[in-house]
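Structure record follows, encoded as structure tokens.
The values are calculated or read from the model by the stated rules, or taken from the named source; none is laboratory data. In this text, all values refer to a predicted model and were calculated from it rather than measured experimentally. No Cβ is skipped: glycine too gets one built from the backbone with ideal geometry, and neighbour counts run over all protein chains shown.
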Amino acid sequence: MQPKAVPTIVTDEYNDNLLDRLFIWLFSHKMAQALGAGSKLSGYAGVVDLSKQIMQGRNAQQQQVIVAKILQSFVPTPVLWAIRTFFSPTRLVCVLNAWFASRMFGWLVGPCEVIAAEIDLADGTVRSQPSAVYIKKCRYLADSGCVGMCVNMCKVPTQEFFTEKFGIPLTMKPNFEDLSCQMIFGQIPPTPETDDAFKQPCLEQQGSSRMSACPKLN
């Protein structure tokens, strides 16, 4: 069954406070360093513009490598090693990560809140725990309007960063109909072959066929 068409995206206005603007500037600075080029745009528009520059002339894997480099630049390697070595992904650790993410990533993704999620455990059982972050309308997806940018520049590298570098499994489930998203800590991410996000067509305003996956996902 093909995904449903989405309505034309309407971007929201955000009143970024001083701390939000500081994080946006720092993130833009890290992106520019990894890319080796800056943006003529400032603020959040600069983040989106730099993301588009990273996508230009690069395949999905190359884009993800650059974003992984950006994410790792925020946390020293010894800290990543210590967290991965001494903290197992227990229920408490996953819940605390969701709480932290809901309060630290609002400047990037917009308003969000912690909700309960069903986690598939290694023994085949399912456990409900409040370790998911519900993003009401992803600012990054709405402002970029691009499925490929969402998956290649956010979903995949963020999943890999937490799952592999922190040792805390994370699955991100973007909803391309209402532009919401869930970050589920404790849930091992699916493979690209089984992940519906990799079958998602371009959003309506991109003008591409709704019958095939977004070409920027390849």
Residues in the stretch 114-126: is at least one surrounded by 22 or more Cβ atoms within 10 Å (Cβ to Cβ), touching a helix residue (DSSP H, G or I) at 6+ places or on another chain (Cβ under 8 Å) and over 29 Å from residue 13 (Cα atoms)?
yes
Using beta carbons and a limit of 9 Å, which pairs, at least six apart or on different chains, have the first residue in the stretch 106-117 and free of Cβ contacts under 8 Å to residues at least 24 places away in the same chain and the second one in a helix (DSSP H, G or I)?
113/102; 114/95; 114/98; 114/99; 114/101; 114/102
Every residue from the stretch 131-147 that is buried (at least 23 other Cβ atoms within 10 Å of the Cβ), under 24 Å from residue 119 (Cβ atoms) and over 12 Å from the mean Cα position of the chain (by Cα):
131, 132
Report yes if some residue within the stretch 118-139 is at pLDDT below 95 and within 24 Å of residue 44 (Cα to Cα); otherwise report no.
no
What are the residues in the stretch 55-78 that are out of contact with any helix residue (DSSP H, G or I) (no Cβ under 8 Å at 6 or more places or on another chain) and either within 29 Å of residue 147 (Cβ to Cβ) or surrounded by 11 or more Cβ atoms within 10 Å (Cβ to Cβ) (or both), if any?
56, 57, 59, 61, 62, 65
